[in-house]
Amino acid sequence: MQFGYSETCLDHDTGPRHPETADRLRAIRRGLAKRHGVEYVDAPPAEKSTVAAVHEDGYVDEFHDFCRDGGGNWDPDTVAVEASWDAALTSAGLAEWAARAALDGDDGRDTPFSLGRPPGHHAVEDDAMGFCFFNNAAVAAQAVIDDGLAERVAIFDWDVHHGNGTQDIFYDRGDVFYTSIHEDGLYPGTGEVEETGEGDGEGTTLNVPLHAGAGDADYVYSFDEAIAPAVERFDPDLFIVSAGFDAHRHDPISRMRVSTEGYAMLTECVQDLCEATDAAISFVLEGGYGLDTLSEGVATVHETFDGRIAMDPDEDPDEKNVELVDEVRAAHGLGAK
Ligand SMILES: [Zn+2]
């Protein structure tokens, strides 16, 4: 894969006891150093106006001033320093680069994956939250739509948390499909099955809030039986994966049981769907707080694009999650299984 990476993102210093640190990117780099076919690409920071296409001007200015004044705690979890402004613009710029590269034809072994931080999917139009300041995936989707490079974009969020920010930004939009698999009841508490979009966006939000303890089989089943048919019907030009790795069974902040191999399975699910819909694919890093599981997860996605074949899940999906997927299908008019 081609990895968007910039040293600027290391300067976003969240302090000594924060889970979202620059060591995450260093760990990913170390993991990728052992693999072949890895390429790094630096990309320019996003323009302020590009970020403001999905965020309110007042919020963007307020965050800019906050950093210029030295930063601090925006909220108890979400921390910035002076350098966080440039890091946040760079993180968004890397996501934008990945989307543009994918639409420019970079696929297969050249598929783009942006390794930016701070992450983005909790950032809403007018506020930062959950370690996120600018919604990187949303900035990327909006940029390529505004430039006429894509008419329809789907964002699939496999981070263990619901991407409330991405959902909110596009909730009433018919041209961006947001879909998430996340742990039910975890931060930030949104992402119910009933949240399906509104107005022009009715039906373009699809949530699968899996029960705690879900593993590879539950994720693959959710993708194949709910997400894939809905996205196929939507028919996107670009498919952005909001790729967090905190659903891993050894991640410290969730109770899900996805294995490292599970990320290969999900990557194949994405590849198959995008082949069927002829959509370009880009990846954007979100969360993932176990340094080993994070770096192995990213490397596994890379290896899958490098030709490695994923194993099948070694168990069946849990009955409770099968019922949940039935509810999701019903909410989206996909019929009974
Ligand atoms: Zn997360």
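The values are calculated or read from the model by the stated rules, or taken from the named source; none is laboratory data. Quick caveat, the model's predicted, so the values are computed rather than measured. Reconstructed Cβ throughout: ideal geometry from the backbone, glycine too, with neighbour counts over all protein chains shown. Heads up: the accessible areas ignore ligands, DNA and RNA and are worked out on the full protein's heavy atoms, side chains in. Shrake-Rupley method; radii C 1.70, N 1.55, O 1.52, S 1.80 Å.
Looking at the stretch 14-69, which of its residues are open to solvent by 90 Å² or more (accessible area, probe 1.4 Å) and part of a loop (DSSP other than H, G, I, E, B)?
P16, R17, K34, H36, D42, P44, E47, E56, D69
Look through Y263, Y221 and report the one residue that is aromatic (F, W, Y) and farther than 17 Å from V284 by Cβ.
After ruling out the rest, the residue left standing is Y221.
Residues that are aliphatic (A, V, I, L, M) and closer than 22 Å to T196 by Cβ: which helices (runs of 4 or more DSSP H) entirely in the stretch 257-337 hold 3 or more of them?
Qualifying helices (runs of 4 or more DSSP H): 319-331.
Count, please, the residues in the stretch 109-124 that happen to be under 15 Å from M1 (Cβ atoms) and either surrounded by 21 or more Cβ atoms within 10 Å (Cβ to Cβ) or within 16 Å of the ligand (Cβ to nearest atom) (or both).
6
Find the strands (runs of 3 or more DSSP E) located wholly in the stretch 110-201 whose residues include 3 or more that are under 30 Å from E303 (Cβ atoms) and of a type in the set (S, T, Y), and list them.
Answer list for the stretch 110-201: 176-183.
Residue under question is Q167, and the condition is that it be touching an Asp or Glu at 6+ places or on another chain (Cβ under 8 Å), crowded, with 21+ Cβ neighbours inside 10 Å and not basic (K, R); does it hold?
Yes, satisfied.
Show the residue pairs meeting these rules: Cβ distance below 6 Å; 6+ apart or different chains; first residue within the stretch 156-176 and within 14 Å of the ligand (Cβ to nearest atom); second residue among the hydrophobic types (A, V, I, L, M, F, W, C) and assigned to a loop (DSSP other than H, G, I, E, B).
Every condition considered, the pairs that remain are V160/A247; V160/M256; H161/L186; G165/A123.
Among the residues of the stretch 254-294, what is the count of those that are within 16 Å of the ligand (Cβ to nearest atom) and either under 25 Å from D318 (Cα atoms) or not aromatic (F, W, Y) (or both)?
Summing the residues that are within 16 Å of the ligand (Cβ to nearest atom) and either under 25 Å from D318 (Cα atoms) or not aromatic (F, W, Y) (or both) in the stretch 254-294 gives 17.
Open to solvent by 10 Å² or more (accessible area, probe 1.4 Å) and acidic (D, E): which single residue out of D106, D159 fits that description?
D106
Can you tell which of G189, G201 is surrounded by fewer than 24 Cβ atoms within 10 Å (Cβ to Cβ) and in contact with a Lys or Arg (Cβ under 6 Å, 6 or more places away or on another chain)?
G201
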